[in-house]
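Asks: This structure is in C-alpha coordinates; I'll ask about it shortly.
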Amino acid sequence: MVLVIGSGAGGGILAMELAKADIPVTIIEKGPLVESKDAYNYYDAPVEGMDLLTTTCVGGNTIVSAGNAVRYTGKMFENFGIDLTNEYDELEELLNVHPLDDTHIGRGTKLFLDSAEELGLNPIKMPKFIYEDKCIQCGRCAYGCPNNAKWTAADFTKEAVKYGAQLITDTAVTNLILEDNQIKAVETTTKEGHVEIIEDDLIILAAGAVSDARLLLKIGIPAGKQFSTDPFVTVACVKKDIGFNREVTMAGLVKGEHFVLSPHYSAKYLDDCDIDNINAEDLIGIMVKIPDESLGYVNEDEVVKINSIRDVQYIAEGVATAGAILQNAGAETIFTSTVLRSAHPGSTAPIGSIVDKNLKTGVDGLYVCDGSVFPEAPGIPPILTILALSKRLSKHLIENLS
(Lines give C-alpha, C1' and ligand atoms only; values in the text may rest on other atoms or scores of the structure.)
Protein backbone atom coordinates (compact mmCIF):
# COMPACT_ATOMS: atom_id res chain seq x y z
CA MET A 1 0.00 0.00 0.00
CA VAL A 2 1.03 3.62 -0.60
CA LEU A 3 0.07 6.48 1.71
CA VAL A 4 -0.39 9.86 0.02
CA ILE A 5 -0.48 12.73 2.52
CA GLY A 6 -2.48 15.56 0.99
CA SER A 7 -4.90 15.79 -1.94
CA GLY A 8 -3.85 18.96 -3.72
CA ALA A 9 -2.05 19.30 -7.04
CA GLY A 10 0.72 16.94 -5.89
CA GLY A 11 -1.29 14.29 -4.07
CA GLY A 12 -4.45 14.01 -6.16
CA ILE A 13 -2.85 12.94 -9.42
CA LEU A 14 -0.42 10.57 -7.67
CA ALA A 15 -3.27 8.80 -5.95
CA MET A 16 -5.23 8.55 -9.19
CA GLU A 17 -2.35 7.21 -11.29
CA LEU A 18 -1.33 4.65 -8.66
CA ALA A 19 -4.92 3.50 -8.13
CA LYS A 20 -5.42 3.10 -11.88
CA ALA A 21 -2.33 0.88 -11.89
CA ASP A 22 -4.00 -1.38 -9.27
CA ILE A 23 -1.64 -0.24 -6.52
CA PRO A 24 -3.44 0.06 -3.16
CA VAL A 25 -3.55 3.72 -2.10
CA THR A 26 -4.75 5.57 0.97
CA ILE A 27 -5.09 9.36 0.83
CA ILE A 28 -4.96 11.23 4.13
CA GLU A 29 -6.32 14.79 3.96
CA LYS A 30 -6.34 17.23 6.86
CA GLY A 31 -9.44 19.02 5.60
CA PRO A 32 -12.94 17.90 4.57
CA LEU A 33 -14.41 16.98 1.21
CA VAL A 34 -16.48 20.02 0.23
CA GLU A 35 -18.40 21.36 -2.72
CA SER A 36 -16.32 23.73 -4.83
CA LYS A 37 -18.81 26.55 -4.29
CA ASP A 38 -18.15 26.37 -0.54
CA ALA A 39 -14.34 26.29 -0.72
CA TYR A 40 -13.96 29.93 0.38
CA ASN A 41 -14.95 28.79 3.87
CA TYR A 42 -11.77 26.70 4.11
CA TYR A 43 -9.08 29.31 3.65
CA ASP A 44 -6.48 28.91 6.36
CA ALA A 45 -5.96 31.49 9.08
CA PRO A 46 -3.33 34.08 8.11
CA VAL A 47 0.28 33.37 9.03
CA GLU A 48 1.48 36.06 11.41
CA GLY A 49 3.20 38.80 9.46
CA MET A 50 2.26 37.39 6.04
CA ASP A 51 -0.69 37.57 3.67
CA LEU A 52 -0.34 33.94 2.57
CA LEU A 53 -3.32 32.36 0.81
CA THR A 54 -3.72 28.60 1.42
CA THR A 55 -6.71 26.30 1.73
CA THR A 56 -7.30 23.11 3.72
CA CYS A 57 -9.80 20.78 2.06
CA VAL A 58 -9.79 18.01 -0.53
CA GLY A 59 -8.20 19.55 -3.63
CA GLY A 60 -6.07 21.97 -1.63
CA ASN A 61 -5.24 25.29 -3.24
CA THR A 62 -6.40 24.11 -6.67
CA ILE A 63 -10.01 24.46 -5.58
CA VAL A 64 -9.62 28.23 -5.14
CA SER A 65 -7.17 28.73 -8.01
CA ALA A 66 -7.77 30.83 -11.10
CA GLY A 67 -7.52 27.74 -13.30
CA ASN A 68 -4.14 28.72 -14.76
CA ALA A 69 -2.03 26.09 -16.53
CA VAL A 70 1.33 27.58 -17.46
CA ARG A 71 4.43 25.59 -18.33
CA TYR A 72 7.57 26.49 -16.40
CA THR A 73 10.29 27.29 -18.95
CA GLY A 74 13.24 28.09 -16.68
CA LYS A 75 16.32 25.99 -15.95
CA MET A 76 15.86 24.84 -12.35
CA PHE A 77 14.85 21.27 -13.23
CA GLU A 78 17.29 20.86 -16.11
CA ASN A 79 20.11 21.26 -13.61
CA PHE A 80 19.03 17.93 -12.10
CA GLY A 81 18.37 16.07 -15.33
CA ILE A 82 14.58 16.42 -15.07
CA ASP A 83 12.68 16.91 -18.34
CA LEU A 84 8.92 17.40 -17.92
CA THR A 85 8.08 17.87 -21.60
CA ASN A 86 6.18 14.58 -21.96
CA GLU A 87 4.30 15.13 -18.73
CA TYR A 88 3.27 18.64 -19.78
CA ASP A 89 2.02 17.29 -23.10
CA GLU A 90 0.02 14.54 -21.39
CA LEU A 91 -1.50 16.88 -18.82
CA GLU A 92 -2.49 19.55 -21.32
CA GLU A 93 -4.39 16.90 -23.26
CA LEU A 94 -5.90 15.34 -20.13
CA LEU A 95 -7.09 18.68 -18.72
CA ASN A 96 -7.96 20.24 -22.10
CA VAL A 97 -5.67 23.17 -21.36
CA HIS A 98 -6.44 26.06 -23.70
CA PRO A 99 -6.82 29.85 -23.81
CA LEU A 100 -10.37 30.92 -23.11
CA ASP A 101 -12.70 31.47 -26.04
CA ASP A 102 -13.35 35.12 -26.93
CA THR A 103 -16.83 34.65 -25.45
CA HIS A 104 -15.14 34.49 -22.04
CA ILE A 105 -12.67 37.35 -22.50
CA GLY A 106 -14.26 40.36 -20.80
CA ARG A 107 -13.84 44.07 -21.42
CA GLY A 108 -11.15 44.50 -18.78
CA THR A 109 -9.07 41.57 -19.99
CA LYS A 110 -9.36 42.77 -23.58
CA LEU A 111 -8.22 46.22 -22.47
CA PHE A 112 -5.16 44.60 -20.83
CA LEU A 113 -4.33 42.50 -23.90
CA ASP A 114 -4.81 45.33 -26.39
CA SER A 115 -2.84 47.89 -24.39
CA ALA A 116 0.02 45.47 -23.69
CA GLU A 117 0.14 44.60 -27.40
CA GLU A 118 0.37 48.27 -28.35
CA LEU A 119 3.33 48.63 -25.96
CA GLY A 120 5.15 45.68 -27.53
CA LEU A 121 4.85 43.43 -24.46
CA ASN A 122 3.67 40.34 -26.40
CA PRO A 123 0.65 39.42 -24.24
CA ILE A 124 -1.09 36.08 -24.62
CA LYS A 125 -4.33 34.62 -23.37
CA MET A 126 -3.66 32.62 -20.21
CA PRO A 127 -3.78 28.83 -20.73
CA LYS A 128 -6.64 27.54 -18.54
CA PHE A 129 -8.33 24.34 -17.40
CA ILE A 130 -11.74 26.04 -17.39
CA TYR A 131 -14.76 24.74 -19.30
CA GLU A 132 -16.54 27.58 -21.09
CA ASP A 133 -19.79 25.65 -21.40
CA LYS A 134 -20.09 25.65 -17.59
CA CYS A 135 -18.44 28.98 -16.78
CA ILE A 136 -20.97 31.69 -15.91
CA GLN A 137 -18.33 34.48 -15.70
CA CYS A 138 -19.07 35.44 -12.12
CA GLY A 139 -15.54 36.45 -11.11
CA ARG A 140 -15.51 34.04 -8.15
CA CYS A 141 -12.69 31.69 -9.19
CA ALA A 142 -10.74 32.42 -6.00
CA TYR A 143 -13.73 31.55 -3.84
CA GLY A 144 -14.26 28.11 -5.34
CA CYS A 145 -16.24 27.80 -8.55
CA PRO A 146 -20.03 27.89 -7.95
CA ASN A 147 -20.67 25.94 -11.16
CA ASN A 148 -17.80 23.39 -11.18
CA ALA A 149 -16.49 25.00 -14.35
CA LYS A 150 -12.80 24.32 -13.72
CA TRP A 151 -10.68 21.27 -12.99
CA THR A 152 -9.42 20.88 -9.42
CA ALA A 153 -7.33 18.19 -7.74
CA ALA A 154 -10.49 17.06 -5.97
CA ASP A 155 -11.54 15.64 -9.36
CA PHE A 156 -8.44 13.40 -9.43
CA THR A 157 -8.94 12.42 -5.79
CA LYS A 158 -12.51 11.34 -6.50
CA GLU A 159 -11.28 9.42 -9.55
CA ALA A 160 -8.70 7.66 -7.38
CA VAL A 161 -11.49 6.56 -5.02
CA LYS A 162 -13.44 5.16 -7.99
CA TYR A 163 -10.41 2.99 -8.76
CA GLY A 164 -10.23 1.68 -5.20
CA ALA A 165 -8.25 4.26 -3.24
CA GLN A 166 -9.30 4.97 0.32
CA LEU A 167 -9.84 8.62 1.26
CA ILE A 168 -9.50 9.66 4.91
CA THR A 169 -10.60 13.27 5.53
CA ASP A 170 -10.50 15.64 8.49
CA THR A 171 -7.33 13.92 9.65
CA ALA A 172 -3.91 15.52 10.12
CA VAL A 173 -0.64 13.61 9.91
CA THR A 174 1.23 14.70 13.03
CA ASN A 175 4.36 12.54 12.92
CA LEU A 176 6.36 10.11 10.82
CA ILE A 177 7.58 6.84 12.30
CA LEU A 178 10.89 5.31 11.19
CA GLU A 179 12.80 2.13 11.90
CA ASP A 180 16.43 1.77 10.78
CA ASN A 181 16.04 4.68 8.32
CA GLN A 182 12.96 3.10 6.75
CA ILE A 183 9.55 4.77 6.90
CA LYS A 184 7.14 2.49 8.74
CA ALA A 185 4.03 4.47 9.66
CA VAL A 186 2.41 7.82 10.27
CA GLU A 187 0.74 9.15 13.37
CA THR A 188 -2.58 10.83 12.65
CA THR A 189 -5.01 12.95 14.64
CA THR A 190 -8.63 13.51 13.67
CA LYS A 191 -10.40 16.83 14.21
CA GLU A 192 -12.06 15.19 17.24
CA GLY A 193 -8.61 14.47 18.70
CA HIS A 194 -8.48 10.72 18.07
CA VAL A 195 -4.90 9.50 17.53
CA GLU A 196 -4.14 6.54 15.26
CA ILE A 197 -1.05 4.92 13.80
CA ILE A 198 -1.34 3.94 10.12
CA GLU A 199 1.40 1.60 8.94
CA ASP A 200 3.02 1.69 5.51
CA ASP A 201 6.52 1.52 4.10
CA LEU A 202 5.94 3.88 1.13
CA ILE A 203 4.73 7.35 2.00
CA ILE A 204 4.49 10.47 -0.17
CA LEU A 205 4.25 13.87 1.48
CA ALA A 206 2.12 16.28 -0.55
CA ALA A 207 0.67 18.35 2.27
CA GLY A 208 2.16 21.70 1.31
CA ALA A 209 5.43 23.49 1.90
CA VAL A 210 4.85 24.30 5.56
CA SER A 211 3.38 20.96 6.68
CA ASP A 212 5.93 18.93 4.71
CA ALA A 213 8.82 20.84 6.25
CA ARG A 214 7.52 20.41 9.79
CA LEU A 215 7.01 16.67 9.39
CA LEU A 216 10.50 16.25 7.93
CA LEU A 217 12.05 18.29 10.74
CA LYS A 218 10.50 15.96 13.31
CA ILE A 219 12.55 13.06 11.92
CA GLY A 220 15.77 15.03 11.64
CA ILE A 221 15.66 15.98 7.95
CA PRO A 222 16.80 19.64 7.72
CA ALA A 223 13.88 20.97 5.67
CA GLY A 224 12.53 24.50 5.80
CA LYS A 225 15.83 26.34 5.49
CA GLN A 226 14.47 28.25 2.51
CA PHE A 227 10.96 29.39 1.64
CA SER A 228 9.53 30.88 -1.56
CA THR A 229 6.07 32.36 -2.09
CA ASP A 230 5.95 34.09 -5.52
CA PRO A 231 4.85 37.38 -3.89
CA PHE A 232 2.57 39.78 -5.73
CA VAL A 233 0.96 43.18 -5.63
CA THR A 234 -1.81 44.57 -7.77
CA VAL A 235 -1.80 47.81 -9.75
CA ALA A 236 -5.32 49.11 -10.31
CA CYS A 237 -7.24 51.99 -11.81
CA VAL A 238 -10.76 53.32 -12.13
CA LYS A 239 -12.78 52.49 -15.24
CA LYS A 240 -16.42 53.31 -14.52
CA ASP A 241 -18.82 50.39 -14.99
CA ILE A 242 -16.25 48.14 -16.66
CA GLY A 243 -17.53 45.12 -14.70
CA PHE A 244 -14.08 43.57 -14.42
CA ASN A 245 -15.02 42.10 -11.02
CA ARG A 246 -17.29 39.62 -12.82
CA GLU A 247 -14.75 38.45 -15.40
CA VAL A 248 -12.76 35.22 -15.37
CA THR A 249 -9.72 36.37 -13.45
CA MET A 250 -6.19 36.18 -14.86
CA ALA A 251 -7.28 35.40 -18.42
CA GLY A 252 -4.29 37.22 -19.95
CA LEU A 253 -0.54 37.03 -19.38
CA VAL A 254 2.56 39.12 -19.98
CA LYS A 255 5.92 37.51 -19.23
CA GLY A 256 8.68 39.95 -18.34
CA GLU A 257 12.25 39.01 -17.58
CA HIS A 258 11.74 39.42 -13.83
CA PHE A 259 7.96 39.33 -13.39
CA VAL A 260 4.66 38.23 -14.85
CA LEU A 261 1.56 40.40 -15.25
CA SER A 262 -2.04 39.22 -15.40
CA PRO A 263 -5.42 41.00 -15.15
CA HIS A 264 -6.67 40.37 -11.64
CA TYR A 265 -9.51 41.53 -9.43
CA SER A 266 -9.56 41.53 -5.65
CA ALA A 267 -12.12 42.92 -3.23
CA LYS A 268 -9.16 44.46 -1.42
CA TYR A 269 -9.02 47.10 -4.18
CA LEU A 270 -11.82 48.99 -2.47
CA ASP A 271 -9.75 49.17 0.72
CA ASP A 272 -6.74 50.52 -1.20
CA CYS A 273 -8.67 52.99 -3.36
CA ASP A 274 -9.07 56.38 -1.66
CA ILE A 275 -11.63 57.68 -4.16
CA ASP A 276 -15.24 58.59 -3.38
CA ASN A 277 -18.24 56.94 -5.04
CA ILE A 278 -16.30 54.00 -6.46
CA ASN A 279 -17.88 50.55 -6.59
CA ALA A 280 -16.48 47.09 -7.32
CA GLU A 281 -17.60 47.21 -10.96
CA ASP A 282 -15.56 50.41 -11.53
CA LEU A 283 -12.10 48.92 -10.92
CA ILE A 284 -9.63 46.97 -13.01
CA GLY A 285 -6.32 45.61 -11.80
CA ILE A 286 -3.12 43.91 -12.96
CA MET A 287 -1.32 41.41 -10.77
CA VAL A 288 2.47 41.82 -10.60
CA LYS A 289 4.07 38.53 -9.54
CA ILE A 290 7.79 37.80 -9.15
CA PRO A 291 10.04 34.80 -8.45
CA ASP A 292 11.39 35.72 -5.02
CA GLU A 293 14.81 34.75 -3.68
CA SER A 294 13.45 32.00 -1.38
CA LEU A 295 14.71 33.83 1.69
CA GLY A 296 12.91 32.79 4.85
CA TYR A 297 12.36 29.63 6.82
CA VAL A 298 9.85 27.23 8.30
CA ASN A 299 10.36 25.56 11.66
CA GLU A 300 8.15 23.90 14.27
CA ASP A 301 6.84 27.24 15.54
CA GLU A 302 7.33 29.87 12.86
CA VAL A 303 6.84 30.65 9.19
CA VAL A 304 9.07 33.56 8.24
CA LYS A 305 9.35 35.20 4.82
CA ILE A 306 12.07 37.71 4.01
CA ASN A 307 11.97 39.75 0.82
CA SER A 308 15.30 40.89 -0.56
CA ILE A 309 16.30 44.13 -2.23
CA ARG A 310 16.23 42.22 -5.51
CA ASP A 311 12.62 41.18 -4.83
CA VAL A 312 11.66 44.80 -4.25
CA GLN A 313 13.42 45.84 -7.45
CA TYR A 314 11.56 43.18 -9.46
CA ILE A 315 8.23 44.26 -7.95
CA ALA A 316 8.98 47.89 -8.78
CA GLU A 317 9.85 46.97 -12.37
CA GLY A 318 6.61 45.05 -12.74
CA VAL A 319 4.54 47.80 -11.12
CA ALA A 320 5.97 50.36 -13.54
CA THR A 321 5.12 48.14 -16.51
CA ALA A 322 1.60 47.44 -15.24
CA GLY A 323 1.10 51.16 -14.69
CA ALA A 324 2.21 51.84 -18.25
CA ILE A 325 -0.37 49.36 -19.57
CA LEU A 326 -3.17 51.05 -17.63
CA GLN A 327 -2.01 54.55 -18.54
CA ASN A 328 -1.85 53.59 -22.22
CA ALA A 329 -5.40 52.27 -21.87
CA GLY A 330 -6.58 55.69 -20.70
CA ALA A 331 -6.42 55.41 -16.92
CA GLU A 332 -6.07 58.69 -15.06
CA THR A 333 -5.89 57.53 -11.43
CA ILE A 334 -3.64 54.53 -10.78
CA PHE A 335 -2.90 53.02 -7.38
CA THR A 336 -1.06 49.97 -6.03
CA SER A 337 -2.19 47.52 -3.35
CA THR A 338 -0.59 48.23 0.00
CA VAL A 339 0.21 44.66 1.07
CA LEU A 340 2.64 42.19 -0.49
CA ARG A 341 0.57 39.01 -0.85
CA SER A 342 1.62 35.40 -1.49
CA ALA A 343 -0.14 32.33 -2.81
CA HIS A 344 2.50 29.77 -3.85
CA PRO A 345 4.39 28.53 -0.78
CA GLY A 346 7.28 26.29 -1.81
CA SER A 347 10.97 25.36 -1.82
CA THR A 348 11.10 24.02 1.75
CA ALA A 349 12.23 20.52 0.66
CA PRO A 350 14.09 21.30 -2.56
CA ILE A 351 15.42 18.88 -5.14
CA GLY A 352 19.17 18.61 -4.72
CA SER A 353 19.28 18.97 -0.95
CA ILE A 354 16.23 17.35 0.68
CA VAL A 355 15.04 15.08 -2.16
CA ASP A 356 16.77 13.56 -5.18
CA LYS A 357 15.68 13.81 -8.82
CA ASN A 358 13.02 11.14 -8.15
CA LEU A 359 11.74 13.17 -5.18
CA LYS A 360 12.95 10.60 -2.63
CA THR A 361 14.30 11.75 0.72
CA GLY A 362 17.25 10.13 2.48
CA VAL A 363 14.76 7.91 4.33
CA ASP A 364 13.86 4.70 2.50
CA GLY A 365 10.27 4.76 1.27
CA LEU A 366 9.68 8.47 1.97
CA TYR A 367 9.02 10.89 -0.90
CA VAL A 368 7.91 14.53 -1.19
CA CYS A 369 5.86 15.76 -4.13
CA ASP A 370 4.37 19.24 -4.22
CA GLY A 371 5.67 22.81 -4.40
CA SER A 372 8.02 22.00 -1.52
CA VAL A 373 10.46 20.38 -3.93
CA PHE A 374 10.98 23.43 -6.17
CA PRO A 375 14.67 24.37 -5.94
CA GLU A 376 13.65 28.00 -6.40
CA ALA A 377 10.54 30.10 -6.87
CA PRO A 378 8.92 29.52 -10.28
CA GLY A 379 7.43 33.01 -10.52
CA ILE A 380 4.41 31.69 -12.45
CA PRO A 381 1.23 29.80 -11.51
CA PRO A 382 2.76 26.46 -10.34
CA ILE A 383 -0.13 24.00 -10.59
CA LEU A 384 0.74 22.51 -13.99
CA THR A 385 4.38 22.06 -12.95
CA ILE A 386 3.43 20.34 -9.69
CA LEU A 387 1.12 18.05 -11.67
CA ALA A 388 3.94 17.28 -14.11
CA LEU A 389 6.37 16.41 -11.30
CA SER A 390 3.71 14.19 -9.71
CA LYS A 391 2.91 12.43 -12.96
CA ARG A 392 6.62 11.81 -13.47
CA LEU A 393 6.89 10.37 -9.96
CA SER A 394 3.85 8.16 -10.51
CA LYS A 395 5.56 6.60 -13.53
CA HIS A 396 8.70 5.97 -11.48
CA LEU A 397 6.75 4.35 -8.64
CA ILE A 398 4.55 2.23 -10.90
CA GLU A 399 7.62 0.92 -12.70
CA ASN A 400 9.26 -0.05 -9.42
CA LEU A 401 6.16 -1.40 -7.69
CA SER A 402 4.76 -3.48 -10.56
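Asks: What are the ³J(HN,Hα) values, in whole Hz, obtained from phi via the Karplus relation 6.51 cos²θ - 1.76 cosθ + 1.60 with θ = phi - 60°, for each residue of the range 156-170 in sequence order, with x given for Gly and Pro?
Replies: Rounded to whole hertz, the list is 5, 5, 5, 5, 4, 4, 4, 8, x, 5, 9, 10, 10, 10, 6.
Asks: State the volume of the convex hull built on the alpha-carbon positions of the range 1-137, expressed per residue in Å³ and rounded to an integer.
Replies: For the range 1-137, the hull spanned by Cα atoms encloses 197 Å³ per residue.
Asks: Would you mind giving the average projected area, over all directions, of the Cα convex hull of the range 174-229 in nm² with one decimal?
Replies: Projected area, direction-averaged: 4.5 nm².
Asks: Still on this structure: Across the range 224-335, how many lysine pairs separated by 8 or more positions, or lying on different chains, have Cα atoms within less than 19 Å?
Replies: Values: Lys225/Lys305; Lys239/Lys268; Lys240/Lys268; Lys255/Lys289; Lys268/Lys289; Lys289/Lys305.
For the range 224-335, the number of qualifying lysine pairs is 6.
Asks: While we're on this one: Between Val47 and residues 5 or more places away or on another chain, which pairs have amide H atoms under 5 Å apart, with H built 1.01 Å from N, and which residues are they?
Replies: Under 5 Å from the amide H of Val47 lie the amide H atoms of Leu52, each far enough along the sequence or on another chain.
Asks: So, one more: Could you please state how large a percent of the accessible area of the chain is carbon and sulfur, counting protein chains only and using a 1.4 Å probe? Before the final figure, lay out each step's value.
Replies: Working: 7880 of 16780 Å².
The value for the chain is 47 percent carbon and sulfur by accessible area.
Asks: Given 20 °C and 1.002 mPa s, compute D for the chain with the Stokes-Einstein relation, Rh being the Kirkwood radius over Cα pairs; round to the nearest whole µm²/s.
Replies: Reported coefficient: 100 µm²/s.
Asks: Whole-Å semi-axes of the range 56-142's equivalent ellipsoid, largest first, each the root of 5 times a Cα gyration tensor eigenvalue?
Replies: 25, 20, 13
Asks: How long are the semi-axes of the equivalent ellipsoid of the range 235-315, taking √(5λ) for every eigenvalue λ of the Cα gyration tensor, in whole Å from largest down?
Replies: The equivalent ellipsoid of the range 235-315 has semi-axes of 30, 16, 12 Å.
Asks: Report, in degrees rounded to the nearest 10, the 0 to 90 angle that the Cα long axis of helix 383-401 makes with the longest principal axis of the chain.
Replies: Roughly 20 degrees between the two axes.
Asks: For the chain, calculate the relative contact order in percent as a whole number, restricting contacts to Cα pairs under 8 Å that are 6 or more residues apart.
Replies: The normalised contact order for the chain reaches 24 percent.
Asks: Let me ask something else. Scale the Cα Rg of the range 272-402 by the rule-of-thumb value 2.2 N^0.38 Å and send over the ratio, two decimals.
Replies: Normalised Cα radius of gyration, the range 272-402: 1.42.
Asks: Still on this structure, I have one more. What accessible area per residue comes out for the chain, rounded to a whole number of Å², with a 1.4 Å probe?
Replies: Counting only protein heavy atoms, the per-residue value for the chain is 42 Å².
Asks: I've got another one for you. What residue among Ala343, Ala116, Ala45 has the largest mean-square fluctuation in a Gaussian network model of the chain, using Cα springs under 10 Å?
Replies: Ala45
Asks: Oh, and also: Report the gain in length on full extension from Asn147 to Asn79: 0.36 nm times residue separation, minus Cα-Cα distance, nm rounded to one decimal.
Replies: 20.4 nm
Asks: Ok, one more. Would you mind giving the average projected area, over all directions, of the Cα convex hull of the range 140-274 in nm² with one decimal?
Replies: 13.5
Asks: While we're looking at this one, here's another question. Which of the three applies to the range 265-349, rounded, prolate or oblate, going by the alpha-carbon gyration tensor with a ≥ b ≥ c and a/c under 1.5 meaning rounded? Provide the component values of the computation, followed by the final result.
Replies: Working: a/c = 3.08, a/b = 1.85, b/c = 1.66.
It comes out prolate by the Cα gyration axes.
Asks: Apply the Karplus curve 6.51 cos²θ - 1.76 cosθ + 1.60, θ = phi - 60°, to the phi angles in the range 207-219 and return the couplings in whole Hz, x for Gly and Pro.
Replies: Working through the residues one at a time gives 9, x, 4, 6, 5, 4, 4, 5, 5, 5, 4, 5, 9 Hz.
The values are calculated or read from the model by the stated rules, or taken from the named source; none is laboratory data. Because the structure is predicted, anything quoted here is derived from the model rather than measured. Side chains are part of the model used for accessible areas, which takes the heavy atoms of the whole protein and leaves out ligands, DNA and RNA. Shrake-Rupley method; radii C 1.70, N 1.55, O 1.52, S 1.80 Å.
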